[in-house]
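Visitor: Okay, handing you the structure first.
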């Protein structure tokens, strides 16, 4: 593991990750920091804790609404995949009967 020092909203953090994950980690830190700075810049949210929660909700929303690349699943949001899989499993259970 490699130690990576980062700054988010002006506070320093030491994180650990494998060397192969470092670039992705730094990109994630930049994304979170930019989102938190934008929320802070609105002046509507004062505490860093609330800013972090708002940023987390926004980023989670982005993730859940993300679409697959072109292809047969491109019309399904990432957050809908679990529901679709559960529905398919229910149909299979109805047709095949529950697993013994």
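Every number here is computed from the coordinates shown, using simple stated rules; none is lab data. Since this is a predicted model, take the numbers as computed values, not measurements. Positions of Cβ are backbone-derived with ideal geometry, glycine not excepted, and every protein chain shown enters the neighbour counts.
Visitor: Nearest 10 degrees, 0 to 90: what angle lies between the long axis of helix 81-96 and the longest principal axis of the chain (Cα atoms)?
Guide: So the inclination is approximately 20 degrees.
Visitor: Continuing with this model, one more query. Could you state the angle between the C-alpha long axis of helix 22-41 and the longest principal axis of the C-alpha atoms of the chain, as a value from 0 to 90 degrees rounded to the nearest 10?
Guide: 70 degrees
Visitor: Please give the per residue volume of the convex hull enclosing the alpha carbon atoms of segment 8-53, rounded to a whole number of Å³.
Guide: Values: hull volume 3.2 nm³, N = 46.
Convex hull of Cα atoms, per residue: 71 Å³.
Visitor: For a protection proxy built on the mean count of beta-carbon atoms within 10 angstrom, sort 15-22, 32-39 highest first, please. The partial results should precede the final answer.
Guide: Values: 15-22: 11.6, 32-39: 16.8.
By packing density, highest mean first, the sequence is 32-39, 15-22.
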